[in-house]
Amino acid sequence: MTELTTAQRRVLEFIRAELRANQLVPTLREIAAHFGFKGHRAAAAHLDALKRKGFVESDPGKARSLRIISSVAWLRDRVADIPLFGSIPAGFAQDKEQETEGCVTVDVASIGFNPTRNTFALRVTGDSMVGRHILSGDVVVLEHGPEPRHGEVVAALIDGESTLKTFIKRGGRPYLKAENPRYPHLLPAQELMIQGVFKALIRKATT
């Protein structure tokens, strides 16, 4: 079977994820919006290529009849479902419990590492990390377990409250740095617990 380009593979995985989540095939408008295409033609071109290469088919004249007809091993090996544990404040720390909200499906090549059972995702709220190009509404992928290095972005509990910040260690004392001058850095009065170290960012395209 003909190999897909990276863009075609991502379109195919988006269709697969939408079918799994909503049982509905995304429209050309929805595909274009998700990937930031300027118009429907780019989305249509990718779908045409997927049909020619034998990965999808549809019934002529029927809306939302597109279906995936290939589940080849190389495609399964290149995607992963990462559990989404709710949101995390990128602002002032908040007393917030994590709640499972399903999974986010990712292209392993696009995030640059192989997820493990300790990998999880959180939705960002707030703007204290804009200096690291992390915006409210983004989804951050993190790894639980490794010790953070100086300058790495982390999800942390500081004195029992959750936040997303840059981990800084100076003079043997760790603290959390905001990447927006509107917010103060956070020094633990009692406890600083690292929940996860930042590994990748997922941003939904906007129209």
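Bear in mind that the values in this text are calculations on the coordinates, not laboratory data. What you see is a predicted model, and the numbers here were worked out from it, not measured in a lab. Cβ coordinates were reconstructed from backbone atoms using ideal geometry, including for glycine residues, and neighbour counts include every protein chain displayed.
Select from 39, 24, 11 the residue farthest towards the positive end of the dipole of segment 1-49; place +1 on Cβ of Lys and Arg, -1 on Cβ of Asp and Glu, and compute about the Cα centre.
Projecting each Cα onto the dipole axis, the largest value belongs to 39.
Give the cross-link partners of residue 38 among the aspartates and glutamates, using a straight C-alpha distance below 18 Å as the criterion and excluding same-chain residues fewer than 8 apart.
30, 48
Once you put a point 7 Å from the Cα of residue 67 and another 7 Å from the Cα of residue 193, both along the Cβ direction, what distance in nm separates them?
Result for the modelled spin labels: 4.8 nm.
May I ask for the longest run of the chain untouched by chymotrypsin sites (Phe, Trp or Tyr not before Pro) that are loop-located per DSSP and have at most 13 neighbouring C-beta atoms (other than their own) within 10 Å?
The longest uninterrupted stretch comes out as 114-207.
Count charges around residue 199 for me, please; just the other residues with Cβ under 15 Å from its Cβ, Lys/Arg as +1, Asp/Glu as -1.
-1
Please label the shape of segment 6-77 as rounded, prolate or oblate, based on the square roots a ≥ b ≥ c of the eigenvalues of the alpha-carbon gyration tensor (a/c under 1.5 means rounded; beyond that, a/b larger than b/c means prolate, else oblate).
Note, shape of segment 6-77 comes out rounded.
Using a Förster distance of 30 angstrom, determine the FRET efficiency expected from the C-beta separation of residue 103 and residue 45, and round it to 0.05.
So the FRET efficiency works out to roughly 0.55.
For segment 132-194, run through the GluC sites (Glu not before Pro) and keep only the ones in DSSP coil with at most 11 other Cβ atoms within 10 Å of their Cβ.
191
Can you give the longest run of the chain that contains no trypsin sites (Lys or Arg not before Pro) sitting in a DSSP loop with at most 16 other Cβ atoms inside 10 Å?
The longest such stretch corresponds to 1-37.
Taking residue 177 as the anchor, which lysines have their alpha carbon closer than 30 Å to its alpha carbon, excluding any fewer than eight residues away along the same chain?
Partners found: 96, 165, 169, 199, 204.
Could you tell me which residue out of 150, 186, 197 lies farthest along the dipole of segment 79-202 toward its positive end? Charges go on the beta carbon: Lys and Arg +1, Asp and Glu -1, centred on the Cα centre.
Farthest towards the positive end: 150.
Between residue 149 and residue 118, what length in nm is gained on full extension when 0.36 nm per residue of separation is reduced by their alpha carbon distance?
Result for the pair: 9.4 nm of gain on full extension.
Grab the beta carbon distance between residue 136 and residue 173, set R0 = 25 Å, and tell me the FRET efficiency rounded to 0.05.
FRET efficiency, residue 136 to residue 173: 0.25.
Per DSSP H run of at least 4 residues, take -39500 (n - 2.57); add these up for the chain, divide by its residues and hand me the 222 nm value, nearest 500 deg cm²/dmol.
Calculated from helices alone, the mean residue ellipticity at 222 nm is -6500 deg cm²/dmol.
What net charge is computed for the residues neighbouring residue 167, neighbours being all others with C-beta under 13 Å from the C-beta of residue 167, Lys and Arg scored +1, Asp and Glu -1?
Counting the neighbours of residue 167, the net charge comes to +4.
What does the net charge come to around residue 177 if you take all other residues with beta carbon closer than 15 Å to its beta carbon, with K and R at +1 and D and E at -1?
Within the 15 Å Cβ shell, the charges total +4.
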